[in-house]
Amino acid sequence: MAPVGPVDGELRRRAAVALPAGVYGHVKAGERWPGSPQFVARAAGSRFWDVDGREYLDLLCSWGPIILGHRHPEVEEAVAAQHALVDCGNGPAPAMVDLAERLVGIVDHADWAMFAKNGSDATTLCLTLARAATGRKTILVAAGAYHGAPPWCTPEPVGVVPGDRAHLSYYRYNDLESVRAAMAAAPDDVAGIIVSPFRHDAGFDQELPDPAFARGLRELCDATGALLILDDVRCGLRIAFGGSWEPLGVAPDLSAWSKAIANGYPLAAVLGSERVRAVAAAVFATGSFWFAADAMAASLATLAVLEREGGVAAMRDWGRRFRDGVEATAAAKGLEINMTGEVTMPYLSFPGDEDRALADVFAAACADGGLFVHPRHNWFVSAALDDADLDLALSAVGAGFEAVATVSARA
Ligand SMILES: Cc1ncc(COP(=O)(O)O)c(C=O)c1O
């Protein structure tokens with residue numbers, strides 16, 4: 001396994017002094033796996049380069065935001081053109097109206113759009129809107145689901161007090177009975193149910209939604225007056241060119257978006273139905289940078305390229321061929337694996353690898369072979385990937401499996 005390069009090592013040493021824990025959050029130093037660089041020097045298309053000059057094929061896509069490839073020329077041109085006019089102004093640029101109309105046109109359930117910066121802004125705003133629309137307090141959340149880092153949902157509740165999580169109740173994904181039980185525990189008080197398009201909890205094999213579960217949530221909301229909130233922050237635009245539950249025929253009342261909608265530029269959106277419009281107008285939702293135009297221009301360009309080039313179908317095709325190739329490679333080596341999740345957002349695990357030690361070995365060997373994958377989080381396919389990238393990815397995966405087989409044989 002290649003050691004961390006000297007420049008990365010030096011930056012880590014400086015970061016350990018100047019930053020808490022030497023880089024925090026989901027990219028924090030302590031969560032890097034052996035052989036994984038901490039710092040990134042540059043990126044283009046399907047590749048990025050670490051600060052020591054090593055090149056990687058990117059299957060993490062900056063945890064999802066990069067959907068067309070890094071610094072896609074059409075997106076960069078749109079941003080430069082907008083930036084030459086205004087980005088952070090005293091009021092929004094016309095791009096805000098253009099983008100709201102575009103998203104309402106693309107996403108079936110949406111009648112209006114609001115914008116923010118991060119996925120956490122969008123999911124949190126959805127909860128506020130559901131409470132405002134219903135006059136109720138309780139929100140049902142799938143146990144273990146990630147909806148962002150604010151106190152109501154951070155997975156590491158340091159500094160969180162019980163009041164931050166008041167009026168939340170938990171159910172199990174794909175288990176309607178547990179939803180009914182949570183509803184019964186808060187009679188007449190459920191404002192909304194928040195749910196992700198599939199169960200993509202980090203560190204666990206992923207679970208696709210049972211269509212009966214998705215339909216059942218809609219029916220329960222209709223029966224009780226609660227709002228159905230789809231957290232499309234991670235999946236948005238990687239399952240469908242529209243809402244991720246459109247293929248299932250299940251329409252939420254609200255959906256939260258971010259990550260891929262602007263190909264890496266900071267933007268989030270809440271999309272809502274007519275029923276929620278009046279409270280959406282009444283809630284004081286804002287931020288100094290929420291109306292900045294560059295990211296909105298980036299989003300308009302991202303949507304244009306994705307639609308024109310059939311990006312979602314292309315990603316699904318690449319993802320399907322990649323999954324088939326990974327499974328065939330594992331079978332040829334007699335290695336048992338689980339590959340779960342959507343084909344555009346796959347997750348790989350090794351049965352019995354509870355502490356993820358084999359996953360670390362695998363990810364490190366992949367990095368050595370020039371492929372960047374995460375050992376404990378789903379990966380992301382981008383529309384920049386081509387056939388040559390597929391060959392490279394499968395060859396690196398083969399090296400990863402060799403490394404896992406060697407370590408397993410020693411144990
Ligand atoms: C499903 C989901 N919801 C919400 C969020 C929060 O988004 P952000 O990190 O932009 O605040 C994430 C981030 O990974 C996510 O995956």
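Structure summary
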read-out: The lone exception for Thr344 - which of (1) of a type outside the set (A, V, I, L, M); (2) in a helix (DSSP H, G or I); (3) in contact with a helix residue (DSSP H, G or I) (Cβ under 9 Å, 6 or more places away or on another chain) it fails; value: (2)
read-out: Spans of strands (runs of 3 or more DSSP E) in region 126-213 with at least 2 residues in contact (Cβ under 8 Å) with a residue 40 or more places away in the chain and at negative phi; value: 138-142, 190-195
read-out: Strands (runs of 3 or more DSSP E) within region 1-83 that include 1 or more residues in contact with a Ser or Thr (Cβ under 7 Å, 6 or more places away or on another chain); value: 55-58
read-out: Region 255-290: number of residues that are more than 13 Å from the ligand (Cβ to nearest atom) and outside any loop (DSSP other than H, G, I, E, B); value: 11
read-out: The one condition in (1) assigned to a helix (DSSP H, G or I); (2) buried (at least 24 other Cβ atoms within 10 Å of the Cβ) that Leu303 fails to fulfil; value: (2)
read-out: Unique match (being in the same structural domain as Ala297 (by TED's automatic domain parsing), at pLDDT 95 or above and not hydroxyl-bearing (Ser, Thr, Tyr)) among Glu156, Glu177; value: Glu177
read-out: Complete set of residues in region 344-381 that are out of contact with any Asp or Glu (no Cβ under 7 Å at 6 or more places or on another chain) and within 26 Å of Glu74 (Cα to Cα); value: Thr344, Met345, Leu371, Trp379, Phe380, Val381
read-out: Residue in region 186-241 that is nearest to the chain's Cα centre (by Cα), counting only those that are of a type in the set (Asp, Glu) and within 16 Å of the ligand (Cβ to nearest atom); value: Asp232
read-out: Lone qualifier among Arg42, Arg13, Arg47 - being over 25 Å from Arg356 (Cβ atoms) and at pLDDT below 95; value: Arg13
read-out: Any hit, region 1-8, residues being in contact (Cβ under 8 Å) with a residue 40 or more places away in the chain, in contact with a Leu (Cβ under 9 Å, 6 or more places away or on another chain), surrounded by fewer than 17 Cβ atoms within 10 Å (Cβ to Cβ) and over 24 Å from Thr154 (Cα atoms); value: no
read-out: Qualifying positions in region 66-100 - among the small types (Gly, Ala, Ser) and out of contact with any strand residue (DSSP E or B) (no Cβ under 9 Å at 6 or more places or on another chain); value: Ala78, Ala80, Ala81, Ala84, Gly89, Gly91, Ala93, Ala95
read-out: Residues of region 261-300 satisfying the condition of being crowded, with 23+ Cβ neighbours inside 10 Å, touching a Phe, Trp or Tyr at 6+ places or on another chain (Cβ under 8 Å) and either at pLDDT below 95 or under 25 Å from His70 (Cα atoms) (or both); value: Leu267, Ala268, Ala269, Val270, Asp294, Ala295, Met296, Ala298, Ser299
read-out: Residue in region 155-175 that is buried (at least 18 other Cβ atoms within 10 Å of the Cβ) and closer than 26 Å to Tyr24 by Cα present; value: no
read-out: Qualifying positions in region 113-137 - away from the ligand (no atom under 16 Å from the Cβ) and buried (at least 24 other Cβ atoms within 10 Å of the Cβ); value: Ala133
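The values are calculated or read from the model by the stated rules, or taken from the named source; none is laboratory data. Predicted model only: the values in this text are computed from it and were never measured. Ideal geometry is used to build each Cβ from the backbone, glycine not excepted, and the neighbour counts take in all protein chains shown.
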